[in-house]
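The structure that follows is given in the form of structure tokens.
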Amino acid sequence: MNKPAVAVVMGSDSDLPVVKDATDILDQFRVSYELLVLSAHRSPRETHAFAITAVARGIKVIIAAAGGAAHLAGVIASEFPLPVVGIPIQTAALGGMDSLYSTVQMPPGVPVATVGINGAKNAGLLALQILAVGDPSLQKKLVVFKKQQAKAVVEKSKRLEKRRQ
């Protein structure tokens, strides 16, 4: 794989089981990425340094996963001039609604594209679609992926229909 085009950042290493769905899809499409643990609250200096140097490292999209007071994506988006995709992580206390609201309710001027709670696969796919805007070969791979996905659904429906007969 080449120089990373995507950075995948999580607020805690406990988020890795969820974030793995994003890295799996990036791996499937052979898109290289950085994988880091940073915290908007516990390591603000490191988070700031990461965000302001990401473009110089070749990062084009950042995926940021956090739970609870999930400010990681927003803090990164405040410094990073390219797309940030937030993944709200499900929490025990509020089921992830706290993470969702913290990630999606950004002030004007600081956009964060936000997927559903624990929606890491969609975050990875959204990052791929963003990269595909300027990469025709990646566009073709995504078209094939979507066709395969549709075919799998049709096949499942046919199997269910056969069971009923």
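Coordinate-derived values only; no laboratory data. Keep in mind the model is a prediction, meaning the values are calculated, not measured. Cβ: placed from backbone, ideal geometry, glycine included. Neighbour counts: every protein chain shown.
With n ≥ 4 as the cut-off for DSSP H runs, can you work out [θ] at 222 nm for the chain, using -39500 (n - 2.57) per run divided by the number of residues, rounded to the nearest 500? Write out the running numbers ahead of the final one.
Working: 6 runs with 81 residues, N = 165.
Roughly -15500 deg cm²/dmol at 222 nm, from the helical runs in the chain.
Here's another thing I want to ask about it. Run a plain Debye calculation on the chain (Cα atoms as equal point scatterers, no solvent) and give log10 I(q)/I(0) at q = 0.11, 0.16 Å⁻¹, rounded to two decimals, same order as the q list.
Scattering profile of the chain, log10 relative to I(0): -0.46, -0.87.
Under a 5 Å amide H to amide H cut-off, with H placed in plane at 1.01 Å, what residues pair with Ile63 once short-range neighbours are removed?
HN-HN under 5 Å from Ile63: Ala7, Val8, Val9, Val85.
If r is the Cβ-Cβ distance from Val55 to Leu94 and R0 is 30 Å, what FRET efficiency results, to the nearest 0.05?
Working: r = 34 Å, r/R0 = 1.14.
The value I calculate is 0.30.
A further question on this structure: Relative to the longest principal axis of the chain, what angle (0 to 90°, nearest 10) does the C-alpha long axis of helix 120-132 take?
90
Below 8 Å, C-alpha to C-alpha, sequence gap of six or more: please give me the relative contact order for the chain in percent. Can you show the working numbers first?
Details: 294 pairs, mean separation 35.4, N = 165.
Relative CO of the chain lands at 21 percent.
Which angle from 0 to 90°, rounded to the nearest 10, does the C-alpha axis of helix 16-28 make with the longest principal axis of the chain?
Rounded to the nearest ten degrees, it is 60.
How compact and how long is segment 1-98, expressed as Rg and Dmax of its alpha-carbon atoms in Å?
Gyration radius and largest Cα-Cα distance of segment 1-98: 12.8, 40 Å.
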